[in-house]
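The values are calculated or read from the model by the stated rules, or taken from the named source; none is laboratory data. Computed from a predicted structure; not experimentally measured. For neighbour counting, all protein chains shown are included, and Cβ atoms are generated from backbone atoms with ideal geometry for every residue, glycine included. Calculation scope for accessible area: heavy atoms of the full protein, side chains included, ligands and nucleic acids excluded. Shrake-Rupley method; radii C 1.70, N 1.55, O 1.52, S 1.80 Å.
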Amino acid sequence: MQDINSYLSQHRQGLLDELFALLRIPSVSADPTFVSDVESAATFIKDEMQKIGLDNVSVEETPGYPIVYGEKILDLSLPTVLVYGHYDVQPPDPVELWESDPFEPVIKTTAIHPDGAIFARGASDDKGQMFMHLKAVEYLLQQQKLPVNVKFMIEGEEEVGSPSLAWYVARHHDKLKNDVIVISDTGMVANDVPAITTGLRGLSYVEVAITGPNRDLHSGLYGGAVANPINILTKMIAGLTDEQNRITIPRFYDKVKELSAQERESIAKTPFDLDQYKKELDIDSVYGEAGYTTLERQSIRPSLDVNGIWGGYTGEGAKTIIPSKAYAKISMRLVPDQDPDEIPGLFEKHFKQLAPEGVKVKVSALHGGYPYVTPTDCPGYKAAAKAMKQAFGKDPLPIYSGGSIPIVPLFEKELGSKSILMGFGLNSDAIHSPNEHYGVFNYFKGIETITYFYDYYKELFL
Ligand code: BES
Ligand code: MN
Ligand code: MN
């Protein structure tokens with residue numbers, strides 16, 4: 001028998017090399033040019049599952065990218081943990097802002113990571129974090145110490161809204177049956193402030209198109225006389241929020257749960273340094289809904305953001321036109337109990353009312369997901385908290401996160417199980433941004449913590 005920490009130091013280089021091999025595969029789910037790479041990432045995970053000794057490993061075809069499944073069922077009377085993660089990543093662009101190749105991982109030290117951080121797209125979101133689970137189970141199986149049944153379901157479409165996952169889950173209730181789901185795809189407060197995410201925001205994502213004249217027009221001959229779709233679109237977007245930075249869509253806030261004084265107090269207790277926050281982002285002031293703190297604004301209040309806007313002439317020099325069309329992608333983060341099936345309709349109605357005569361408005365809903373709250377009084381949460389306490393020497397804080405993992409509420413609906421969001425990333429990991437990275441410390445601490453989780457889960461469950 002070898003204890004986990006001596007195992008991790010003995011295998012340190014190998015554990016990094018294996019993750020690096022996965023990070024070298026550019027599995028960008030959003031971009032069709034990477035189809036074969038996304039598929040090779042699935043194969044890589046399948047091979048890895050077989051290598052560590054899981055059974056019934058398979059690459060499960062779906063209408064989209066495959067889901068990789070594997071399991072170790074020791075005894076049906078034991079509890080079963082389902083691990084979910086994703087092998088797809090966000091596009092790396094803008095590539096020119098990366099200091100190293102996004103798909104050639106390197107370790108560099110940073111102020112926050114004196115022991116080094118792995119720089120690569122997907123290092124933190126989610127390859128590095130998902131891989132820790134495979135490595136933790138590999139150790140437990142090698143040592144013949146796996147205390148419970150485990151199932152893995154690793155998907156390749158999380159970053160595009162998991163379009164095939166609902167399809168798959170609906171068809172495999174029995175196969176996926178479990179007592180708790182564990183996911184490492186979120187973050188902590190800091191490396192010395194461990195945390196477990198207890199809330200996720202929901203999401204409604206829409207694309208809008210404004211059409212004016214049937215072709216681009218000479219802006220001298222027509223300028224001032226017809227509606228310019230870009231001028232109009234920007235005015236309409238400006239009309240979506242008011243001077244208090246509240247969203248103006250009628251009934252948008254109707255179902256928003258107001259915070260109790262106690263909840264606000266608990267959020268205020270989360271260590272947060274506003275000056276540091278501004279410094280890291282190179283901004284001299286924060287901006288958001290009046291009456292709420294930054295931590296509240298980014299976690300338990302809804303938000304509306306334009307993710308991209310385009311149209312007209314953006315090439316070199318000046319071309320004098322009134323464009324025929326203008327577009328924007330707009331996302332809204334939702335909080336309990338807002339409904340992502342209802343919000344796009346409310347948005348569309350309001351957005352159309354903001355348009356003047358003379359343009360056509362089209363709104364398409366792209367994807368969405370429900371907000372989520374994890375209970376803290378269930379065996380899964382308690383086991384995760386004990387595991388973190390053992391690994392970090394400190395009790396973890398429950399935190400609300402502003403991000404979304406839409407399949408989490410779906411799992412609860414379809415499989416009736418709760419998800420424990422035991423993530424090891426940091427906000428400074430730059431997920432979805434250039435120079436994404438994941439602390440070497442976080443990678444190894446994560447593996448260590450996960451091994452403890454299984455023991456505590458068995459103990460608390462029985
Ligand atoms: N892992 C993130 C979500 C996340 C990160 C939650 C950090 C909490 C803390 C996930 O991969 C993600 O990016 N989700 C998307 C939603 C999806 C539908 C594209 C998001 O939150 O934008
Ligand atoms: Mn993720
Ligand atoms: Mn992501």
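Determine if region 134-153 includes at least one residue that is within 16 Å of ligand 3 (Cβ to nearest atom) and crowded, with 24+ Cβ neighbours inside 10 Å.
The first filter runs over region 134-153 and keeps only residues within 16 Å of ligand 3 (Cβ to nearest atom), leaving none.
Checking region 134-153: not a single residue is within 16 Å of ligand 3 (Cβ to nearest atom) and crowded, with 24+ Cβ neighbours inside 10 Å.
Is there any pair linking a residue in region 86-97 that is in a helix (DSSP H, G or I) to one that is more than 14 Å from ligand 1 (Cβ to nearest atom), with Cβ under 9 Å and at least six apart or on different chains, and which?
Partner pairs satisfying both residue conditions: VAL95/ASP101; VAL95/PRO102; VAL95/PRO434; GLU96/PRO434; LEU97/PRO434; LEU97/ASN435.
Give me the residue from region 73-101 that is open to solvent by 20 Å² or more (accessible area, probe 1.4 Å), touching a strand residue (DSSP E or B) at 6+ places or on another chain (Cβ under 8 Å) and charged (D, E, K, R) and, out of that set, nearest to ligand 1 (Cβ to nearest atom).
Per the stated criteria, the residue is GLU99.
Within region 397-431, work out how many residues are more than 24 Å from ASP115 (Cβ to Cβ) and within 12 Å of ligand 2 (Cβ to nearest atom). Show your work before the answer.
Of region 397-431, the ones more than 24 Å from ASP115 (Cβ to Cβ) are 398, 400-421.
From what's left, within 12 Å of ligand 2 (Cβ to nearest atom): 401, 403-408, 421.
Final tally of qualifying residues: 8.
Go through region 176-186 and report how many residues are within 20 Å of the chain's Cα centre (by Cα) and over 17 Å from THR376 (Cα atoms). Spell out how you get there, then give the answer.
Residues of region 176-186 within 20 Å of the chain's Cα centre (by Cα): 180-186.
Restricting the remaining residues to those that are over 17 Å from THR376 (Cα atoms) gives 185.
Summing the residues that are within 20 Å of the chain's Cα centre (by Cα) and over 17 Å from THR376 (Cα atoms) in region 176-186 gives 1.
Are there any pairs, at least 6 apart or on different chains, whose C-beta atoms fall under 6 Å, with the first in region 16-36 and assigned by TED's automatic domain parsing to the domain that holds ARG121 and assigned to a loop (DSSP other than H, G, I, E, B) and the second open to solvent by 30 Å² or more (accessible area, probe 1.4 Å) and small (Gly, Ala, Ser), and if so, which?
Cβ pairs passing all conditions: ILE25/SER40.
Condition check ((1) more than 20 Å from the chain's Cα centre (by Cα); (2) of a type outside the set (Gly, Ala, Ser)) across all residues:
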residue: ILE4; (1), (2): yes, yes
residue: PHE20; (1), (2): yes, yes
residue: SER27; (1), (2): no, no
residue: ILE45; (1), (2): no, yes
residue: LEU74; (1), (2): yes, yes
residue: PRO79; (1), (2): yes, yes
residue: GLN90; (1), (2): no, yes
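What strands (runs of 3 or more DSSP E) lie completely within region 122-219 and have 2 or more residues being away from ligand 2 (no atom under 16 Å from the Cβ)?
Values: elements: 149-155, 180-183, 195-200, 202-211.
It comes to 149-155, 195-200, 202-211.
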